[in-house]
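Reviewing the structure listed below.
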Amino acid sequence: MAARQLAVTRDQVLEALRDVMDPELHRSIVELNMVKDIAIRGGDVRVDALLTISGCPLRETIIDSIKTKVASLPGVERVDVHLGVMTQEQRQALVAQLRPGPQRQSPLLAPTSKTRILAIASGKGGVGKSTVTVNIAAALARRGRTVGVVDADVYGFSVPKMLGVSGHPTIIDQMIIPLERWGVRVMSIGFMVNEGEAVIWRGPMLHKALTTFLTEVHWGEVDDLLIDLPPGTGDVSLTIAQTLPRAEMLIVTTPQSTATGVAYRSGKMAEKVNMGVVGVVENMSYFVPSPGAEPVYIFGRGGGEELARMVDAPLLGRIPLDPAIREGSDRGVPVTIGSPDSASARVFFEIADALLGAGVPNG
Ligand SMILES: Nc1ncnc2c1ncn2[C@@H]1O[C@H](COP(=O)(O)OP(=O)(O)OP(=O)(O)O)[C@@H](O)[C@H]1O
Ligand SMILES: [Mg+2]
């Protein structure tokens, strides 16, 4: 008979559990004190873990990752996982750990924060701010960045649909955990109201909702936080500039802007709220009717360049008018995820790379 395998130790199991991440909080369950007990009997291991809330939507994910990690240890034959729920005190301790310091301030607000904050703005509505936001966010995530998107369009939120994400966020002791899709953490009023319901809020409530998104949502260590602004951005931009003084602006325009003075207004807007402009993106720049055909400049030409000159920032890219972009948004799969090799997706990746400092293309 073969020599009996030595039984696994408690320390070995605990070590293995260090690699199990809470799928929402993105931290080790050991570090978060979610492992309550480990019992070992020969090759049988039982792990008692504590969830933050009883209705945790991702409990199966946690069970699976605990089982997989522990089962891979030599000497383990069976793994049992039992999930309990944290007490109020345990939850408070966890939140305090995620948000150290006075008033449990969001790490985003710390002057030492390394998160890059970009508000996506335009001088008029419907030019593609939300489309640009979700596609650049997904492109950055694909490049390995940890990315968050704040849907600051409280009345006309469109980010949840464009990213194909719905549901209600988990709230742990008043700390809101963003939902996640395509590697992008997302917060939107759309997750707080019922489908089809309109948001009828006055100015102060709008301001409060936004500051909540910026300060009370647990974004974690995000590299980039993109903020999709509503059309006619005055108030909202001001709130953002006040709450996050490090925020910069990325301005979206159509090629037509030269003729309409919209470019000028966009530039003035950035000036007024005192945000730096990192770049300009021209959207709906041209249409290619069939592969290899000459581009058609449906909305004219030159708006992006003109605006870039005016705000003294680089033109980071020109995005074609492409039905695939609209279809991607409509079915919740951004073109940068659904067809990453298409010509349109490549432009979004170029813009993302330019934002990462990997060389700015020459417009
Ligand atoms: N390059 C593009 N090609 C095809 N369709 C596009 C393109 N950019 C945006 N669209 C479509 O145009 C519409 C408006 O875009 P989007 O909602 O992104 O604009 P917006 O600036 O966020 O609008 P609002 O000011 O209302 O927030 C959407 O239906 C979107 O799918
Ligand atoms: Mg929008």
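Throughout, read-outs are computed from the coordinates displayed, never taken from laboratory work. No experiment lies behind these values; they were computed from the predicted model shown. Quick reminder, even Gly has a Cβ in these numbers, built from the backbone with ideal geometry, and neighbours come from all protein chains shown.
Computed values, structure above
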item: 3 or more residues under 22 Å from Leu206 (Cα atoms) and within 16 Å of ligand 1 (Cβ to nearest atom): qualifying helices (runs of 4 or more DSSP H) within the range 86-172; result: 129-142, 159-163
item: Number of positions in the range 316-334 that are within 9 Å of ligand 1 (Cβ to nearest atom) and out of contact with any Pro (no Cβ under 6 Å at 6 or more places or on another chain); result: 11
item: Where Ala49 falls short, out of the listed (1) out of contact with any helix residue (DSSP H, G or I) (no Cβ under 7 Å at 6 or more places or on another chain); (2) within 26 Å of Leu6 (Cβ to Cβ); result: (1)
item: Any strands (runs of 3 or more DSSP E) falling wholly within the range 221-293 and containing at least 2 residues that are without any contact (Cβ under 8 Å) to a residue 60 or more places away in the chain and more than 16 Å from ligand 1 (Cβ to nearest atom); result: 276-283
item: Counted residues, the range 294-340 - those being in a loop (DSSP other than H, G, I, E, B) and either touching a Ser or Thr at 6+ places or on another chain (Cβ under 6 Å) or closer than 18 Å to Met162 by Cα (or both); result: 11
